[in-house]
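Notes for the one structure printed next.
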Amino acid sequence: MALIEIQNLHASVDGKEILKGVDLVIEPGTVHALMGPNGTGKSTLSNIISGRPGYQVTEGRILLNGEDIADMEPDQRANAGIFLAFQYPVEIPGVASSTFLKAAINAKRRFQGLGEIDAMEFLKLVKGKAKELGIRDDMLKRPVNVGFSGGEKKRADILQMALLQPQFAILDETDSGLDIDALRVVSEGVNSLRTADRSFLVITHYQRLLSYIVPDVVHVFAGGKIVRSGGPELAEELEAKGYADYVSAA
Amino acid sequence: MVATESTIQTVKDIERYKYGFETDIESDRAPKGLSEDIVRFISAKKEEPEWMLEWRLKAYRHWLTMEEPQWASLHYPPIDYQDSYYYAAPKRREDGPKSLDEVDPELLATYEKLGIPLKEQEALAGVAVDAVFDSVSVATTYKKKLNDLGVIFCSISEAIREHPELVQKYLGSVVPQADNFFSCLNSAVFTDGSFVYIPKGLRCPMELSTYFRINEKNTGQFERTLIIADEGAYVSYLEGCTAPQRDENQLHAAVVELVTLDDAEIKYSTVQNWYPGDENGKGGIYNFVTKRAACRGRNSKVMWTQVETGSAITWKYPSCILQGDGSVGEFYSVAITNNRQQADTGTKMIHLGKNTRSKIISKGISAGRSEQTYRGQVRIAAKASGARNFTQCDSLLIGDQCGAHTVPYIESRNPSARTEHEATASRISDDQLFYCMQRGLSAEEAVGLIVNGFCKEVLQTLPMEFAVEAQKLVNISLEGSVG
Amino acid sequence: MSVVLSEIPVVTAATGLSPVLPGGHLPWLTGLRQAALAAFQQQGLPHRRTEAFKYSFAALGVVGKLDFVPALIAGDATLEALPAALPAFDGHKVVLLNGSYAPHLSDRAALPAGVEVQPLASLLARQPERLEGLLGSLVQYDEQPFAALASGLVDDGVVVLLEAGTVIDRPLHIVSITLTPGDAPVMAQPRLLIKAGAGSTATILESHVALGETETLSLPVAEILVEPNARLTHVKVRNDTARALHVASRTVKVLAGGIYQAFALSLGGAVARDDIAVELAGEQAEAHLNGAYAARDYQHMDTTIHMDHAVPNGRSSQVYKGVLADHGRGVFQGKVTVRKGAQHTDGQQLHKALLLSESAEVDVKPELKIYADDVTCSHGAACGELDDEALFYLRARGLDEATARDLLIEGFLDDVVEQVENDAIRTVLAGLVRAWLDARQEVA
């Protein structure tokens, strides 16, 4: 069974149709790249999958492990295994990153019928993962994303992914605003999380990221739907030719 | 939107009153109503000296000429001052309890339910507790240990009898009897409260704490607290308040006076959780409190921290008169109002001395159909050269039926003084809420976390014992200890 | 403490005047005047408990002590030419002398089509029906005793009617001069009524100047209606002589998509109060109120603003800056209200004051009253002296202290003057600020 199956998805914001019939099947253990020009609805798709309020699905459906997720709240989707790495992670003043991580881990454990994580165990777990991602301990004490650089925000997001161990992760333009070093760290973090049953949807405008996170399938997204799919070579073709053909076609 | 609804529900949960139980102890009450006879009765019950009775009578006579203030943004039916009991004491043994063993076990059980660290194990926490139950002080723990250090920590009644020279010198010196309607009433009928004197140069090694609880029906509670930190002294004082659920409104009009001499410091923390009334605004405490500190000495400091979640009506402005050169006043406040609660609270920082500094951090959270006002005054007198004030007032609105108001008065008469004031009003951002929920937190948890973050600057100023209770009140878990 | 009303000469005079005022035969106008006078009688002059005048009631106490005579009784003031104190300004011009239209000083010849600028008294005489329901429809008397008093005596002023879609090429200059004809202190109540029709665009410069060595009391009342998608820029300059009292009241209503952009420069006089109430009554309406004031000697300047967001999606901002020298006293009270249901409101406010002397004082009361949750509102207030570091920087570059201080003060005020879009008006304002600084130097 496919991990994610999107069937003829139409969606709008304030009455304006953004998604115009998206079809996408993602098998367990695969990495899909979604590429396309800006303003065509790529972020809308990621927001709808993760259940952000403010979008109206007018037609079609999204299945997670064969189950329609339409009625699920954002936190239910998260606990069911959907993770969104944000394009612009929001700042939450006053809430220490470690407090936030603990709350998220405990929410997941509760969902799994487990008790709260032991303080020492949590400490060990977080420090270990943070070290792997090159995140300094003092960042964990700072409020969530407050005063973080662009790279730090993205790394913090990947740390959350590593701790929450989602089934399906969406990286929404994670590469935007990253210098080459940060890009490498983030990519390595993602690659280390690739397993036989975990899948990724990597949304990006540039081919650059895909030379670090090599996708199994590449989709071209334009005019509110997927207009072409292919292997990794498609990304290189896009890099060379640009999106002009697709923009005019859509 | 679902998220908004659950936000509102969360606030309801936060505010669900946990302390609505009542202790059945036969009490010793004065007749209902207020008159010179009642004032005399209270004074007699307290075995007070003649000067104290005269002081009370003077206040009472002046109070008769005063009118209840109307300027606050508060709406409530007229209070019938004759329809309340002004003295209610739990019946006790002839000589009063001398130690915890003699305190009525049911009372102790009440305190236990309240989570008050009254028992022996709390010695570890280093807290000395004076518990005021309705109108009288029940027991002061660790009296001996404090005595040895020269600290006086006792009920105000005892202080009037045992330390008249200190009481006469300082009582009413910060909040004069005629200061306002409620302080004047309090001066006439106060029944108990705490007295603290920290001798020169002593840094009080334990936190001192008083719990106030209104138990009797139709009882007004009028406690009076007086704290004096002599030169170079330091004390951290904690005050907690609860009351049982009742349909009728109960009056609470306290006066707190703080005095700091040269280089002295008082840290005064309050978690006020009087019964707020039900969701329709029935019942709840009317809380009219005058709290004021006089920083008389050079480089003295007073820090007020308050977490106000209870009461139907709150009228409270803990203030600092910064007389001594270089003295410092700080005010940290979290106020949460829900349902039909109304709070008009804030502070006054009166800069009189040179190089005086003040800081005001106020976080207001309004939900339900509640109304909340921050009202503050910063006054820089002409002689207060080099004075500094920084004020930050933030309001968070939850739901579209509540109100959040900010009314600061800034008066500056010295060119070398600098004042800065910032205020904001907003709701929890959808982006923050979604971010948290995308990481698996329920809307309730997300709101709790975000509100906690919003209040953090204030909550972190609380002593640990109180921080825990306060954070519980704001529905949050303790900050992680990572790092 | 409070003044016995019957003892206030102006009121005694006012009660008897009503029938002889312009339009005295019109029942609606008589009703309006009587209601206004009644509101004044009922409130009396501001006193200690009048919250809206908390910081100015004492300074205005002189109104109750002096024998102010309404201009109508005091007799005609004469003036051959516009005074030098007035900003020289090339534009369409209407001049009021003690509140009454002065044709010989005005120039309305080149007004474009669709723009009507009429003296109030003549319109009341010729076509009163055009003013019924408009005049007096916006002004509020609650805690506004002076607006009530002025409305009770309303006789003349300027009516500006912009037809839908009209665009005025050059700014319209409305000048109000207060001048005592004899020795007795005179009182005038110049009225301003502006209706900016849907989609119209106009810039209005309103100048006030008091002349002479006797006390004058000017009580301007302005009612301004900004219709849908209209864009009105309104600059007010007040530059009074030492004994002038000026208590102005302005009520503005902005309808959907309308933009009201105001600036005020306040200089001179004894006591001045600017009361501005703006209601954003239609969605997507905007109001931006900026201003600068500079007080010296014993001058007292009060700006009191109420920004009322009545409906969703409104935007408002306020930036005011004040400089207080000598015994000068500044007052800024700015209230932003967001009414229930007025979601997506953006309301911002900032007040900054510079205190230049040991005897100067500033009192600030910014206020938020919020009844909707999805809003972004804030206010900020800062008071202090000139920045030592900036001062040192300038002196290190060779400027003497007085010049350096002047430069910084000028920069402080110009920062907000810069907000005025019209080049000609901005130049006038900057010139007045410069002149104020120069005059101060001479005194020093």
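Quick notes
- Sequence of A:1, A:120 from largest to smallest accessible area, 1.4 Å probe: A:1, A:120
- Chain A: angle of helix A:232-241 to the longest principal axis, Cα-based, in degrees nearest 10: 70
- Net charge contributed by nearby residues that have their C-beta within less than 14 Å of residue B:169 (K/R +1, D/E -1): -2
- Projecting the Cα positions of B:35, C:247, C:118 onto the charge dipole of the protein assembly as shown (unit charges on Cβ atoms of Lys, Arg, Asp and Glu, taken about the Cα centre) puts B:35 furthest along the positive direction.
- Accessible surface, 1.4 Å probe, highest first, among residues B:67, B:239: B:67, B:239
- Euclidean distance of C-alpha centroids, the stretch C:378-423 and the stretch C:128-159, integer Å: 40
- Within 10 Å of the Cβ of each residue in B:399-405, the mean number of Cβ atoms contributed by other protein chains is 6.
- Column: log10 I(q)/I(0), Debye, Cα scatterers of the stretch A:4-249, q = 0.12 Å⁻¹: -0.70
- Of the peptides A:234-240, C:212-218, A:178-184, the order by per-residue mean of other Cβ atoms within 10 Å, starting with the highest, comes out as C:212-218, A:234-240, A:178-184.
- Per-selection Kirkwood Rh - the stretch C:65-139 (Cα, Å, 1 d.p.): 15.1
- Modelled FRET efficiency - R0 35 Å, residue C:201 with residue C:283, Cβ distances, 0.05 increments: 0.95
- Rounded to the nearest 100, the interface formed by chains B and C buries 2800 square angstrom of accessible surface, both chains summed, with a 1.4 Å probe.
- The stretch A:117-244 shape via C-alpha gyration tensor axes, a/c threshold 1.5: prolate
- Across peptide B:364-373, the mean count of Cβ atoms from other chains lying within 10 Å of each residue's own Cβ comes to 1.
- Counted over the stretch A:4-249, the DSSP beta bridges are approximately 55% antiparallel.
- In a reduced charge model with +1 at each Lys and Arg Cβ and -1 at each Asp and Glu Cβ, the protein assembly as shown shows a dipole moment near 760 debye about its Cα centre.
- Taking every protein chain into account, the accessible area of chain A amounts to 42 square angstrom per residue (probe 1.4 Å).
- Exposure of residue C:104 as accessible area (Å², to 10), given a probe of 1.4 Å and all protein chains: 120
- With the gyration tensor restricted to C-alpha atoms of the protein assembly as shown, the semi-axes of the equivalent ellipsoid amount to 53, 49, 27 Å, longest first.
- Farthest positive-ward along the stretch C:259-365 dipole, Cα basis, beta-carbon charges - from C:301, C:266, C:351: C:351
- Tensor-based shape of the stretch C:387-444 (alpha-carbon gyration tensor, a/c under 1.5 rounded, otherwise prolate or oblate): oblate
- With a cut-off of 11 Å between beta carbons, the residues surrounding residue B:348 carry a summed charge of +3, where Lys and Arg count +1 and Asp and Glu -1.
- Within chain C, percent of DSSP bridges classed antiparallel, to nearest 5: 5
- Cα-centre dipole for chain A with unit charges at Cβ (Lys and Arg positive, Asp and Glu negative), debye to 20: 620
- Relative to the longest principal axis of the Cα atoms of chain A, the long axis of helix A:180-192 lies at roughly 80 degrees.
- Heavy-atom accessible area for residue C:416, with the other protein chains in place and a 1.4 Å probe, reaches approximately 0 Å².
- Gyration tensor verdict on the stretch C:5-282 (Cα atoms; rounded if a/c is under 1.5, prolate if a/b is larger than b/c, oblate otherwise): rounded
- Solvent-accessible ranking of B:165, B:48, largest area first, probe 1.4 Å: B:165, B:48
- With the convex hull drawn over the C-alpha atoms of the stretch B:360-483, the volume per residue is 145 Å³.
- With Cα atoms, 0 to 90° folded angle of helix A:97-111 axis to chain A main axis: 80
- In this Cβ point-charge picture (+1 for Lys and Arg, -1 for Asp and Glu), the stretch C:387-444 has a dipole of about 160 debye about its Cα centre.
- Rounded to the nearest 5, the antiparallel percentage of DSSP beta bridges internal to the protein assembly as shown is 15%.
- Taking all protein chains as shown and a probe of 1.4 angstrom, residue C:25 keeps an accessible surface of around 130 Å².
- Average accessible surface for chain C: 36 Å² per residue, computed with a 1.4 Å probe over protein heavy atoms with every protein chain in place.
- Here is the interface size for A with B: some 2800 Å² of accessible area buried, both sides summed, with a 1.4 Å probe.
- Per the Cα gyration tensor, the stretch C:33-95 maps to an equivalent ellipsoid with semi-axes of 32, 18, 14 Å, ordered largest to smallest.
- Surface composition of chain C: carbon and sulfur atoms hold 51% of the protein heavy-atom accessible area at a 1.4 Å probe.
- Part-to-part distance (alpha-carbon centres) for the stretch B:415-437 and the stretch C:290-324, which is given in Å: 22
- Dipole of the stretch C:18-103, positive end: most advanced residue of C:79, C:30, C:56 [Cβ charges, Cα centre]: C:56
The values are calculated or read from the model by the stated rules, or taken from the named source; none is laboratory data. Bear in mind that the values here come from a model prediction, so they are computed numbers and not experimental data. Quick reminder, even Gly has a Cβ in these numbers, built from the backbone with ideal geometry, and neighbours come from all protein chains shown. Note: areas computed on protein heavy atoms with side chains; ligands, DNA, RNA excluded. Shrake-Rupley method; radii C 1.70, N 1.55, O 1.52, S 1.80 Å.
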